[in-house]
Amino acid sequence: MRENLVLVGNGMAGVRTLEELFKHGDDLYNITVIGSEPHPNYNRMMLSPVLASEKTVSDIILNSREWYEEHGIELITGDGVTEISRVNKSVITASGRKFPYDRLLLATGSNPFIIPVPGADKEGVIGFRDIHDVETMLAATRQYKNAVVIGGGLLGLEAANGLMKQGMNVTVVHLLDTLMERQLDKPAAAMLKTSLEQKGLKFLMEAQTAELIGEQRVTGVKFADGSEVDADLVVMAVGIRPNIELLQQAGIYCERGVVVNDTMQTYDPSIYAVGECVQHRKQCYGLVAPLFEQARVAANHLAQVGSTRYEGSVTSTKLKVTGIDLFSAGNFNEEEGDEAMVLQDPASGTYKKLVIRDNKIKGAVLFGDTMDGTWYFQLMREGTNIADFRRTIMFGQHDLGDAGHGDAQVLALPDSAEICGCNGVCKGEIVNAISKQGLFTLEDVRAHTKASSSCGSCTGLVEALLASTVGEGYDEAPSKKPMCGCTEHSHDDVIRAIKQQKLKTMPDVREFMEWKTPDGCAACRPALNYYLLANWPEEYQDDAQSRFINERAHGNIQKDGTYSVVPRMFGGLCTANDLRAIADVSDKYKVPEMKVTGGQRIDLFGVQKEDLPAVWKDLSDAGFVSGHAYGKAMRTVKTCAGKTWCRFGTQNSTGLGVKLEELTWGSWMPHKFKLAVSGCPRNCAEATIKDFGVVCVDSGYELHVGGNGGIKVRVTDLLCKVETEQQVLEYCGAFIQKYREEAHYLERTAPWVERVGLSTIKECILDDEEARKALYDRFKLSQKYAQIDPWKARAEGEAAHEFTPLKIAG
Amino acid sequence: MTMNALAQEAGNWIEIVALEDIPQLGSRVIKTDTVDIALFRTALDEVFAIKDACPHKQGPLSQGIVHGTSVTCPLHNWKIDLASGEALGPDEGCTNVYPVKVENGMVYLGSLEARAA
Ligand SMILES: Cc1cc2nc3c(=O)[nH]c(=O)nc-3n(C[C@H](O)[C@H](O)[C@H](O)COP(=O)(O)OP(=O)(O)OC[C@H]3O[C@@H](n4cnc5c(N)ncnc54)[C@H](O)[C@@H]3O)c2cc1C
Ligand code: HEM
Ligand code: SF4
Ligand code: SF4
Ligand code: FES
């Protein structure tokens, strides 16, 4: 017998919990959903654009009635719950219907706070909370002229903007002297006020409402100082109160909201609560991002997986008024001991302020240019040490995909503009999928449209579209991001567990960490395989079936299904015999095209899969090993001519390049890894855009780390200067090993260095000789097992099934 | 038509390869004159045969990563159900499935005529 789950409150947090629950299975409960509103679940945040006629009610429905049917949910709309009987474990609705529950989920949201002044009960005085309120306002705009919005916060300004767009004469009344004082500091608030005034809004600041005047319907607002304004419509937007009356009557323990623990249970363990009605660790939330985190945890426990806890959220806000870009997060007013960085350009109307303490971001306010809001917010939540890039932090991350596109520019693009170049997805398709299918996360958009699911360079653009289409509800980076759909655990959790619990096989990891799938998926298997290999080089047996095809076949699969073969040329050096051997292979196997790669070696294109072992055998006999041009592995060491030939050369760059490549070839990495050695600061080998680059100088060697070319070029950071080749090798090995042990799978050195901070890496590799030597030793140990040429092994028959098709006639 | 019905109709079976010559969670490709067929073996030793072409853009499914009873295409990560040939999750599309059976450690494929039917 399935248990009954009853959801009271058919709104954003409650239904999101059900969606999360269905990820664990469709048939865990008999579900009944009871909502007082006559609509299926809709996106409440989008009421503002509906009021401004930028969207219609049908645009903002998140779950159609068919959705409820498909999931076998009994849906009751337009009939609120009036009583919870905990003794009988049932709920009773206004129309008298009774529903028994085994578990009850409360998500009743909140109510707008109506200031108790005389006249507050007159016709034409409303809050701004649901579709009904919006319909009332829209009706009033057709009949009346003057509107007053009480409250100059987020909600009030969005309401005022919408009413003004409908042609009303709107005055915003605010008790304090700063708009949105909970989100903005004074300069930003003043800029906001100016631009809203330019749009046509009027403001009465420091005005205390005393009375609403009129007969049956309101006609004006009277203030404490005796002054008055005309008003045929008064919208109260001074705050919200958790909607807990019903719960209090049922004797469930409430303070400001209904009190829940980290598993979203109330004091009655069979009753769960999520959303704005909830108070968790003394905190009530009024934004959807935290509610969605709560939903995930509640679903997890309802599904009896029980492995996650809600630990509170840090929130950020943006204002949804078209044409005004505003972002705010954290503590944006500096206190004693904080430092404030401010960048203000009155001409372009931009203002940026970061509040910093001990090199960590505590808060941010952005006005006019909010492109980097997400980045600052992430730095803030993760507590990243910003010491290394303090000097440029105000100028932003320049992280929004194709250089030059910003939030604003994406929104201005036509629907036909291609956003994801890899998968050919246009803006229109993405926006459509987001609104029609009710998507909230980047992962959802990736799954439904494929946009941003390949190289990821358009991620910033897709996030901008998400933010503008769903509003701020979209989950930016959840504070702890699961590795994939098979688990709740993050990459860091998994890496830690593998080390601490000495987990040495994939089944052990999956069992210990309670994986939801028996053998993982295409995202976690390669990652686990890598982590185990990196941690237990002596014991772990590499699992070919957990590698992507290129690494399994040791060649790059090309678009016509043939493979390319790139033999290693240490340091880019070669002999006439090497070239002759390659030429012979090319003739013998009719290789259609050859090319000198940017990594200073030769690529043979168009080799048939069946021919690979024979090609490798010939190359191997001539002394070549695999170039690993196909793998998340050490790729090449690029070198310049150097001291031997070049008149500028200061050291033997080719010789050092060969030594580095001999040290590092064959090692598996979280992502591809490239090196280079330049013989002098003219840097012909482009060492400063490599994962590890050496620039020779007269007195020694400068070591540079964390660079990459590619879609987003990142120049390396200087790690240090050393004096001998032996030191170069040791520091290089230690850096690589630290990266191999700590980075997330598929994270290149550039984002890794930014995530953990260059200073942390320096502390370990420069200041702690013992740690450096230990890292270097561990790297050399793992190389003992890694430097076995995979081509030679396959030429000698390993994994032959991989290369031999079965043939039948017909 | 169900797999069993297909198989019955197939009548005669062609011997293909020993089960142990397909890696667990791996695949082999059967080349015929008309079509490439991917033969998969799961962790629990179930065997499936589907056309080696992804419904999305003809990616070689045999080269994908196998998990549970599905395979993830190596080109753009569509997930294909091995039993039905259908794309899972939000993607839509379907590729052909072929009857297979395992007897005494040997894998058999339903005959080609039956498959054309
Ligand atoms: C105009 C507007 C703009 C907003 N903009 C943003 C934004 O940009 N970003 C952001 O993060 N957040 C925004 N919010 C806030 C966000 O919409 C809420 O945080 C979110 O909807 C709360 O979800 P919830 O499920 O807790 O409550 P709700 O979505 O309010 O759902 C509660 C539901 O329960 C029903 N209910 C209540 N009592 C009963 C009962 N006894 N029986 C049956 N049903 C009952 C209610 O009718 C309601 O439908 C905005 C809110 C509004 C009103
Ligand atoms: C997202 C970005 C990139 C992708 C997807 C990518 C992809 C590839 C692929 C598929 C190959 C192998 C070609 C083959 O042999 O079939 C390759 C080789 C190569 N790429 Fe890239 N590349 C990227 C960025 C870069 C950048 C930024 C650089 C240089 C600054 C670069 C330099 C090279 C070089 C030099 C080779 C030859 C490798 C060798 O000799 O081993 N690539 N790249
Ligand atoms: S980097 Fe310096 S040493 Fe090397 S080739 Fe260029 S100029 Fe010569
Ligand atoms: S730049 Fe790299 S990924 Fe792009 S086409 Fe050339 S080889 Fe392929
Ligand atoms: S071809 Fe298979 S996912 Fe694109």
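The values are calculated or read from the model by the stated rules, or taken from the named source; none is laboratory data. This is a predicted model, so every value here is computed, not measured. Positions of Cβ are generated from backbone atoms using ideal geometry, with glycine treated the same way; all protein chains shown enter the neighbour counts. Heads up: the accessible areas ignore ligands, DNA and RNA and are worked out on the full protein's heavy atoms, side chains in. Shrake-Rupley method; radii C 1.70, N 1.55, O 1.52, S 1.80 Å.
Helix A:131-143 axis versus longest C-alpha principal axis of chain A: approximately 60°, rounded to the nearest ten. Normalising the Debye intensity of segment A:618-712 to I(0), with uniform scatterers on Cα atoms only, and taking log10 at q = 0.11, 0.16, 0.18, 0.19 Å⁻¹ returns -0.33, -0.66, -0.80, -0.86. Among the protein heavy atoms, those of B:D33 account for about 130 Å² of accessible surface (1.4 Å probe, every chain in place).
From its DSSP helices (H runs of at least four residues, each -39,500 (n - 2.57)), chain A gives a residue-normalised ellipticity at 222 nm of -9500 deg cm²/dmol. In this simple spin-label approximation, A:E418 and A:K186 carry label points 7 Å from Cα along the Cα→Cβ vector, and these lie 5.2 nm apart. Annotation note: GluC sites (Glu not before Pro) in segment A:7-114 located in DSSP loop regions with a Cβ neighbour count of at most 14 within 10 Å are A:E54. Entry comment: accessible area of the protein assembly as shown is 43 Å² per residue, from protein heavy atoms only and a probe of 1.4 Å.
Which one, A:G383, A:H704, A:A188, projects farthest toward the positive side of the charge dipole computed for the protein assembly as shown from Cβ point charges (K/R +1, D/E -1)? The Cα lying farthest towards the positive end belongs to A:H704. Taking the Cα centre of chain A as origin and assigning +1 to Lys and Arg Cβ atoms and -1 to Asp and Glu Cβ atoms, the resulting dipole is close to 1380 debye. Please work out the C-alpha center-to-center distance from segment A:333-349 to segment A:12-45 and express it in whole Å. Segment A:333-349 and segment A:12-45 have Cα centres spaced 43 Å from each other. Note on chain A: dipole from Cβ charges, positive end direction compared against A:F512, A:C764, A:H491; the farthest Cα belongs to A:C764. In degrees from 0 to 90, rounded to the nearest 10, what is the angle of the helix A:612-621 Cα long axis to the longest principal axis of chain A? Orientation of helix A:612-621: about 40 degrees from the principal axis.
Among beta bridges from DSSP that stay inside the protein assembly as shown, the antiparallel ones total about 70%.
Checked against a 26 Å cut-off, the cross-linked pairs A:K721/A:K780; B:K31/B:K79; A:K559/A:K674; A:K499/B:K79; A:K609/A:K690; B:K31/B:K101 give Cα-Cα distances beyond that limit for A:K499/B:K79; A:K609/A:K690. Taking the Cβ-Cβ separation of A:E66 and A:A641 as r and a Förster radius of 56 Å, what is the calculated FRET efficiency to the nearest 0.05? The formula returns an efficiency of 0.20 here. Based on DSSP, what percent of beta bridges with both residues in segment A:634-786 are antiparallel, to the nearest 5? Percentage antiparallel, nearest 5: 60. For segment A:206-332, the Kirkwood hydrodynamic radius comes to 17.8 Å, computed from all pairs of different C-alpha atoms. The tail of the calculated P(r) for segment A:29-165, taken as Cα-Cα distances beyond 25 Å, holds 41 percent of the pairs. Helix A:288-302 and the long axis of chain A differ in direction by around 80°, with both axes built from C-alpha atoms.
Averaging the Cα positions of each part gives two centres, and for segment A:248-310 and segment A:534-594 these lie 54 Å apart. In units of the rule-of-thumb radius 2.2 N^0.38 Å, segment A:125-238 shows an alpha carbon radius of gyration of 1.00. Carbon-plus-sulfur fraction of the accessible area of segment B:3-109, 1.4 Å probe, in percent? Of all accessible area on segment B:3-109, carbon and sulfur atoms account for 43 percent.
Ranking A:L532, A:G693, A:L413 by how far each Cα lies toward the positive end of the dipole of the protein assembly as shown (charges on Cβ) leaves A:G693 at the top.
Projected onto its three principal axes, the C-alpha set of segment A:491-547 covers 26, 23, 16 Å, listed from the longest axis down. The 3J(HN,Hα) values that the Karplus relation (6.51, -1.76, 1.60; θ = phi - 60°) gives for segment A:43-53 are, in residue order, 8, 4, 4, 7, 5, 4, x, 5, 5, 8, 6 Hz. Gly and Pro appear as x. If you run the Gaussian network model on chain B, springs between alpha carbon atoms under 10 Å, then out of B:A83, B:A43, B:A53 the most flexible one is B:A43.
Assuming 1.567 mPa s and 4 °C, estimate D for segment A:321-394 with Stokes-Einstein, Rh taken as the Kirkwood radius over Cα pairs, in µm²/s. In µm²/s, the coefficient rounds to 104. Tell me, what ³J(HN,Hα) does each residue in segment A:672-683 have, in order and in whole Hz, if you take phi through Karplus 6.51 cos²θ - 1.76 cosθ + 1.60 with θ = phi - 60° and put x for Gly and Pro? For segment A:672-683, the Karplus curve yields 5, 9, 10, 10, 7, 10, 9, x, 7, x, 5, 6 Hz.
Which of the lysines could a cross-linker span from A:K353 if the Cα-Cα distance has to be under 22 Å and same-chain partners fewer than 8 positions apart are dropped? Straight-line reach from A:K353, under 22 Å: A:K186, A:K193, A:K318, A:K320, A:K362. Computed from the C-beta positions of A:D358 and A:I711 and an R0 of 30 Å, the FRET efficiency is 0.35 to the nearest 0.05. Extension gain for the segment A:K282 to A:D584, taken as residue separation times 0.36 nm less the Cα-Cα distance, is 101.2 nm to one decimal. Every Cα-Cα pair of segment A:634-786 was included, and the share exceeding 18 Å stands at 53 percent. When chain B is treated as a Gaussian network with alpha carbon springs shorter than 10 Å, the biggest mean-square fluctuation among B:L88, B:L61, B:L25 belongs to B:L88. Amide H to amide H distances under 5 Å link A:E83 with A:I92, where only residues 5 or more positions off or on other chains count and H is placed in the peptide plane.
At 1.567 mPa s and 4 °C, plugging the Kirkwood radius over alpha-carbon pairs of chain B into Stokes-Einstein gives what diffusion coefficient in µm²/s? Taking Rh from Cα pairs, D becomes 92 µm²/s. Each listed q (0.12 Å⁻¹) maps to a log10 I(q)/I(0) for segment A:530-663 from the Debye sum over equal C-alpha point scatterers, namely -0.55.
Summed over all non-identical Cα pairs, the Kirkwood treatment of chain A gives a radius of 30.2 Å.
Trypsin sites (Lys or Arg not before Pro) within segment A:596-648: which are DSSP loop residues with at most 14 other Cβ atoms inside 10 Å? Counting only loop positions with at most 14 other Cβ atoms within 10 Å, the trypsin sites (Lys or Arg not before Pro) in segment A:596-648 are A:R647. Equivalent-ellipsoid semi-axes for segment B:9-54 (Cα gyration tensor, √(5λ), whole Å, largest first): 18, 14, 10.
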